[in-house]
Amino acid sequence: MARISRAIGVFAAEHIAAGLVEENRIAGSIKYFPNATSEVDSLEEMPAEEILDRIDEQIAQLENVEEVEAVGVGFPGIIRDGLIHESPNLPQVKGQDLATALSFKLNQRGLKARVHVLNDADATSAGIAATRGQLDKLVRVWTLGSGIGFGRYPQAEGVWEGGHIVVTIDPKEHFCRCGGLGHLEGIMGERALRLRFLDLEPEEVFQHASEGDQRCMAFVKVWHRALAAATATSIHLDGPGKFFITGPNAKYVQTGLLDLYVHEMVKMSPLQGSSIEVVRTGDDIAIIGAAVSAKLANQMRDSP
Ligand SMILES: [Zn+2]
């Protein structure tokens, strides 16, 4: 009988969630820090060393992990070979070798599995691919929240900071957290939205637009056009395919409008045929994606 393939997945973005993954499914319960219902951005103020300890703590609470093949950690930022090169939302972790540090901690507790760290949105896209039986396909995902994440499965060499794709050359567009001008996140990100509409909450902007407020209606069009532009850029660089949209602000997306704008922006015939779908993703999807990515990374490393 074939051995059941087990890996641990961790998602550490606004909070930490860890689970054991068996054959692309969560086995047992997910462990959370701080807990399942809290919405506080608890990692933001936390020193890097403590984030590491909290991740280790959640893994320590998982059961039946003696024979796991790999540990995958989805984490926000630009990550290469386990090292966090940049993490605009969690600047304290910049320069941390998360994979080595976590491996060391796990080893001390007798857990010998290899640790693979990847971008949180990449973990989400791998999770969508795994849970929809699309591990043989190209899957891209936009995560719409405080910032804008871009995930790609399969993982590929490169930086892939899709949230910072330039979607306008207007130098007045300066709301992106990274400081760059004209970025997608500077238009779509929730933080940028608050800076643009100092008198309105983000949900009020969309509410007022639906009630016919001209200023808000004009902005909601720009918001969609920006996502269409970034999607079109991805299509022009990486080819057509399936795009998923998720995250707390995905609820504002009008797929029909987005489709229309993408069609206006992508005209070459070999690049036609992309589709866009809004999906709900939770910690479970990202945990599965992190675990599956870690297993794949192991296979890549072990294959001659
Ligand atoms: Zn930016």
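All of the numbers you see were taken from the coordinates with simple rules; none came from a lab. These numbers were taken from a predicted model, which means no experiment stands behind them. Virtual Cβ from ideal backbone geometry, glycine too; neighbours counted across all protein chains shown.
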Next on the checklist: Can you tell me the length gained on complete extension of the stretch Glu201 to Ser269, counting 0.36 nm per residue apart and subtracting the Cα distance?
Outcome noted: 20.4 nm
Next on the checklist: What is the angle, in °, between the Cα long axis of helix 214-238 and the longest principal axis of the Cα atoms in the chain? Nearest 10 is fine, range 0 to 90.
Outcome noted: 50 degrees
Checklist entry - Expressed as a rounded percentage, what relative contact order does region 54-207 have, with Cα pairs under 8 Å and six or more residues apart? => result 15 percent
Next on the checklist: Under 10 Å, Cα contacts only: if you run a Gaussian network model on the chain, which one of Gly149, Gly74, Gly110 comes out with the highest mean-square fluctuation?
Outcome noted: Gly110
Item to check | Neighbour cut-off at most 15 other Cβ (10 Å), DSSP loop, GluC sites (Glu not before Pro), region 154-183 | outcome: Glu157
Checklist entry - Along the charge dipole of the chain, which of Ala13, Gln299, Ser29 sits closest to the positive end, that is, farthest toward it, with unit charges on the beta carbon of Lys, Arg, Asp and Glu (+1, +1, -1, -1)? => result Gln299
Checklist entry - Measuring from centroid to centroid over Cα atoms, what is the spacing of region 205-283 and region 64-92 in Å? => result 29 Å
Checklist entry - Taking one equal scatterer on every alpha-carbon of region 154-304, how large is log10 of I(q)/I(0) by Debye at q = 0.09, 0.12 1/Å? => result -0.35, -0.60
Checklist entry - Can you pull the Rg over Rh of the chain, Cα-only, Kirkwood? => result 0.98
Item to check | Taking the chain and dividing mean pair separation by its residue count, relative contact order in percent (alpha carbons under 8 Å, at least six apart) | outcome: 21 percent
Item to check | Max mean-square fluctuation residue, GNM over the chain, Cα-Cα springs under 10 Å, options Ile51, Ile169, Ile148 | outcome: Ile169
Next on the checklist: Full-extension gain between Gln254 and Glu69, please, as 0.36 nm times their residue separation minus the C-alpha to C-alpha distance.
Outcome noted: 62.5 nm
Checklist entry - If you line up the long axis of helix 255-265 against the longest principal axis of the chain, both from Cα atoms, how many degrees apart are they, to the nearest 10? => result 70 degrees
Item to check | Taking the C-alpha atoms of region 219-291, convex hull volume expressed per residue in Å³ | outcome: 94 Å³
Checklist entry - Does anyone have the angle between helix 98-108 and the longest principal axis of the chain? Alpha-carbon axes, 0 to 90°, nearest 10? => result 30 degrees
Checklist outcome for this item: To the nearest 20 debye, region 62-108 has a Cα-centred charge dipole, built from +1 on Lys and Arg Cβ and -1 on Asp and Glu Cβ, of 340 debye
Checklist outcome for this item: Heads up, region 46-176 by the C-alpha gyration tensor (a ≥ b ≥ c square roots of eigenvalues; a/c under 1.5 rounded, else a/b over b/c prolate, else oblate) looks oblate
Checklist outcome for this item: Output row, site Glu57, 7 Å Cα→C-beta label point, backbone N cut-off 14 Å, window region 8-31, residues 15-18, 31
